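So the structure is just underneath, and the comments pick up after that.
The values are calculated or read from the model by the stated rules, or taken from the named source; none is laboratory data. All values reported here derive from a predicted model rather than from experimental measurement. All Cβ positions, glycine included, derive from the backbone under ideal geometry; neighbour counts span all protein chains shown.
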Amino acid sequence: MSLPNLQAEFAEAILLPPAASDAVSPIQHLRIYQHTILSHLIQALVDHYPLLTQLLGEDCFRAAANEYIKHYPSTSGNLQDYGEYFSVFLAEYSPAKHLPYLPEVARFEWERHRISFAADPAELNFSLLQKISPDQHHQLHLVLHPASCLMQCHYPILQIIDLCQDNKDSMYLLMIRREMSIALVSLSFSDYIFLSALYDNQSLAEALKAALHADANFQLNEKLSAWVQDKTIVDCYLSI
């Protein structure tokens with residue numbers, strides 16, 4: 001048997017119940033290791049998704065986590081990387097079909113977890129900004145904080161208790177790490193459109209056009225000043 005095949009059978013034996021693990025013998029030698037691996041993966045999901053754990057109850061969440069592991073085995077040695085696709089899993093998880101907001105809560109929690117470990121930004125090059133003329137706005141690209149995320153929410157994430165009451169008002173959020181804590185900033189639709197365009201690497205001119213289409217009263221100078229000051233925007237560059 002080749003080493004890759006042996007490794008694949010070993011990984012399968014770890015993740016599957018003992019009765020289905022006859023490929024590696026003796027199975028008794030794997031049970032302690034199997035229990036340890038599964039326990040660590042489940043605990044990682046509990047740690048990454050505290051709101052979901054609270055909503056479902058820990059026993060139900062751990063049962064869902066156990067199923068998730070079967071469909072999405074870990075591919076990294078770092079437990080902080082595990083759980084990215086939990087929102088995708090929950091969308092198809094039949095015991096939770098009657099709770100349609102769970103995938104959105106999962107996406108929110110994963111992004112909050114992700115930005116907790118994102119890199120710190122470099123200092124904004126103000127000298128470059130000062131040299132930009134208005135006719136270069138179609139070339140100017142503004143870079144948002146790397147530890148940030150934009151979300152369009154169909155359920156009121158900020159009022160998590162209301163998630164069970166069929167309140168489906170949309171909201172727009174900027175989730176961003178500031179110092180050592182995660183801040184949640186409520187955005188207007190035009191703010192969300194503008195910042196989303198920047199996330200998509202569109203130029204300042206393109207982002208402004210989209211924001212003005214959403215709200216003709218969008219105030220670029222006022223918004224840019226605030227976002228640079230609070231380090232939502234942390235860099236800029238000119239495209240060729």
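Go through (1) of a type in the set (A, V, I, L, M); (2) modelled with pLDDT under 85; (3) touching a Pro at 6+ places or on another chain (Cβ under 6 Å) for Val234 and report which single condition fails.
Only one criterion in (1) of a type in the set (A, V, I, L, M); (2) modelled with pLDDT under 85; (3) touching a Pro at 6+ places or on another chain (Cβ under 6 Å) is unmet by Val234, namely (2).
Please verify whether Tyr101 is farther than 16 Å from Leu45 by Cβ, crowded, with 16+ Cβ neighbours inside 10 Å and among the aromatic types (Phe, Trp, Tyr), treating the condition exactly as stated.
Values: farther than 16 Å from Leu45 by Cβ: yes; crowded, with 16+ Cβ neighbours inside 10 Å: yes; among the aromatic types (Phe, Trp, Tyr): yes.
Criteria met by Tyr101.
Regarding the range 9-16, can at least one residue be identified that is modelled with pLDDT under 75 and not in a helix (DSSP H, G or I)?
Yes, because at least one residue in the range 9-16 is modelled with pLDDT under 75 and not in a helix (DSSP H, G or I).
I need the full set of residues from the range 171-184 which are hydrophobic (A, V, I, L, M, F, W, C), in a strand (DSSP E or B) and surrounded by fewer than 19 Cβ atoms within 10 Å (Cβ to Cβ), in order please. It would help to see each step written out before you state the result.
The initial filter retains those residues of the range 171-184 that are hydrophobic (A, V, I, L, M, F, W, C), namely 171, 173-176, 180, 182-184.
With in a strand (DSSP E or B) added as a condition, the list becomes 171, 173-176, 182-184.
Met171, Ile182, Ala183, Leu184, listed by residue number.
Have a look at Tyr172, Tyr155, Tyr192 and point out the one that is within 26 Å of Pro100 (Cβ to Cβ), modelled with pLDDT of 90 or more and of a type outside the set (A, V, I, L, M).
On the way: Tyr172 fails: modelled with pLDDT of 90 or more; Tyr155 fails: modelled with pLDDT of 90 or more.
Of the residues listed, the single one that is within 26 Å of Pro100 (Cβ to Cβ), modelled with pLDDT of 90 or more and of a type outside the set (A, V, I, L, M) is Tyr192.
Give, as residue ranges, the helices (runs of 4 or more DSSP H) completely inside the range 54-133 that count at least 3 residues that are free of Cβ contacts under 8 Å to residues at least 60 places away in the same chain and farther than 20 Å from Leu173 by Cα. Don't jump to the end; show me each part of the working.
Details: elements: 58-71, 86-92, 102-116, 126-131.
Qualifying helices (runs of 4 or more DSSP H): 58-71, 86-92, 126-131.
Show me the helices (runs of 4 or more DSSP H) entirely contained within the range 185-236 in which 3 or more residues are closer than 14 Å to His141 by Cα and free of Cβ contacts under 8 Å to residues at least 60 places away in the same chain. Reasoning before the result, please.
Values: elements: 189-199, 204-214, 220-229.
Counting at least 3 such residues, we get 189-199.
Can you tell me which residue is modelled with the highest pLDDT among those in the range 17-39 that are among the hydroxyl-bearing types (Ser, Thr, Tyr) and touching a helix residue (DSSP H, G or I) at 6+ places or on another chain (Cβ under 8 Å)? Steps first, please.
First, the residues of the range 17-39 that are among the hydroxyl-bearing types (Ser, Thr, Tyr): 21, 25, 33, 36, 39.
After this cut, where a residue has to be touching a helix residue (DSSP H, G or I) at 6+ places or on another chain (Cβ under 8 Å) as well, the list is 21, 33.
Working: Ser21: 48, Tyr33: 71.
That would be Tyr33.
Being buried (at least 19 other Cβ atoms within 10 Å of the Cβ) and under 17 Å from the mean Cα position of the chain (by Cα): is that true of Tyr72 here? Let's see the steps before the verdict.
Details: buried (at least 19 other Cβ atoms within 10 Å of the Cβ): no; under 17 Å from the mean Cα position of the chain (by Cα): yes.
It is false that Tyr72 is buried (at least 19 other Cβ atoms within 10 Å of the Cβ) and under 17 Å from the mean Cα position of the chain (by Cα).
Can you tell me which residues in the range 119-132 are closer than 16 Å to Ser148 by Cβ and either at pLDDT below 80 or in contact with a Ser or Thr (Cβ under 8 Å, 6 or more places away or on another chain) (or both)? Steps first, please.
Our first condition is that a residue be closer than 16 Å to Ser148 by Cβ; within the range 119-132, this holds for 119-122, 124.
Listed by number, the residues that qualify are Ala122, Leu124.
For the structure I just gave you, tell me whether Leu187 is crowded, with 17+ Cβ neighbours inside 10 Å, modelled with pLDDT of 85 or more and either basic (Lys, Arg) or more than 15 Å from the chain's Cα centre (by Cα) (or both). Lay out the reasoning, then the answer.
On the way: crowded, with 17+ Cβ neighbours inside 10 Å: yes; modelled with pLDDT of 85 or more: yes; either basic (Lys, Arg) or more than 15 Å from the chain's Cα centre (by Cα) (or both): yes.
It is true that Leu187 is crowded, with 17+ Cβ neighbours inside 10 Å, modelled with pLDDT of 85 or more and either basic (Lys, Arg) or more than 15 Å from the chain's Cα centre (by Cα) (or both).
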